[in-house]
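Below: the structure, in structure tokens.
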Amino acid sequence: MLRPILIHPDPRLKKPASPVVDLSDELRVLASDMLETMYDAPGIGLAAPQVGVLDRLIVLDCEKEEGATPRPLAMFNPEVIATSDETSVYEEGCLSIPDIYAEVTRPAEVEVAWMDADGRAHQEVFTGLWATCVQHEIDHLEGKLFIDYLKPLKRQMITRKMVKLKRERAREKA
Ligand code: K1U
Ligand code: ZN
């Protein structure tokens, strides 16, 4: 089932999410819905707070090249356990901030630990777009958006644009 994606500004996008303690079927359904919603958007990642659920769950698949084998990942309680000193700059976007892109500098490599939908523990080093995306998604779990890395004036301009967009969308719906 597709879930509606919250648009910034929304208080649910600014709150830290809670650790997942019990892996319930409800959470497995949420992970599957989030992957469906991410592919439909289309996007390469999605965090539970973006669909209004304040649990520490993210999904991602950065194999976006034509003909690449999909690699859908659902990560419960993801944690960055190591970062490289080397950084990389990527023009990021966000499904909660449509049609806005800006350069963000982050560690080029990150080691992430997480639990899968069956409760199995994983640990992996991510590089390239995977590293950028997994950090962007884990930020969502802390209530942090990529625009929080920008200068305040730029951030304010983007937020005003989003307020206008939300007003227009609400008017279209009525
Ligand atoms: O978290 C999100 O809102 C999803 C976001 C993830 C992301 C993108 C770029 C850098 C870091 C994190 C997106 O997926 S935005 C859409 C997007 O990047 C994309 C869409 C279709 C094809 C390829 C990329
Ligand atoms: Zn985002």
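Every number here is computed from the coordinates shown, using simple stated rules; none is lab data. This one's a predicted model, so the numbers in the text were calculated from it and none came from an experiment. Heads up, the Cβs are rebuilt from the backbone with ideal geometry, glycines too, and the neighbour counts pull from every protein chain shown.
Of everything in the stretch 45-79, what is of a type outside the set (A, V, I, L, M), within 13 Å of ligand 2 (Cβ to nearest atom) and over 12 Å from Trp130 (Cβ atoms)? Give them in sequence order.
Pro49, Gln50
Quick one: in the stretch 1-31, of everything that is in contact (Cβ under 8 Å) with a residue 40 or more places away in the chain and more than 28 Å from Thr159 (Cβ to Cβ), which residue is farthest from ligand 1 (Cβ to nearest atom)?
Ranking the candidates gives Leu23 first.
In the stretch 140-154, what residues are free of Cβ contacts under 8 Å to residues at least 24 places away in the same chain, assigned to a helix (DSSP H, G or I) and within 16 Å of ligand 1 (Cβ to nearest atom)?
Asp148
Applying the selection to the stretch 90-117, what residues are without any contact (Cβ under 8 Å) to a residue 40 or more places away in the chain and more than 11 Å from ligand 1 (Cβ to nearest atom)?
Within the stretch 90-117, Pro107, Ala108, Glu109, Val110, Glu111, Val112, Ala113, Trp114 qualify.
Of Leu6, Leu2, which residue is farther than 17 Å from Ile138 by Cβ, in a loop (DSSP other than H, G, I, E, B) and in contact with an Asp or Glu (Cβ under 8 Å, 6 or more places away or on another chain)?
Leu2
Return the residues of the stretch 80-100 that are surrounded by 14 or more Cβ atoms within 10 Å (Cβ to Cβ) and closer than 13 Å to Cys133 by Cβ; say none if nothing qualifies.
The answer is Val80, Ser88, Tyr90, Glu92, Gly93, Cys94, Leu95.
Filtering the stretch 164-174 down to residues that are part of a helix (DSSP H, G or I) and loosely packed, with under 13 Cβ neighbours inside 10 Å, which residue is farthest from ligand 2 (Cβ to nearest atom)?
Across the stretch 164-174, the extreme among qualifying residues is Arg171.
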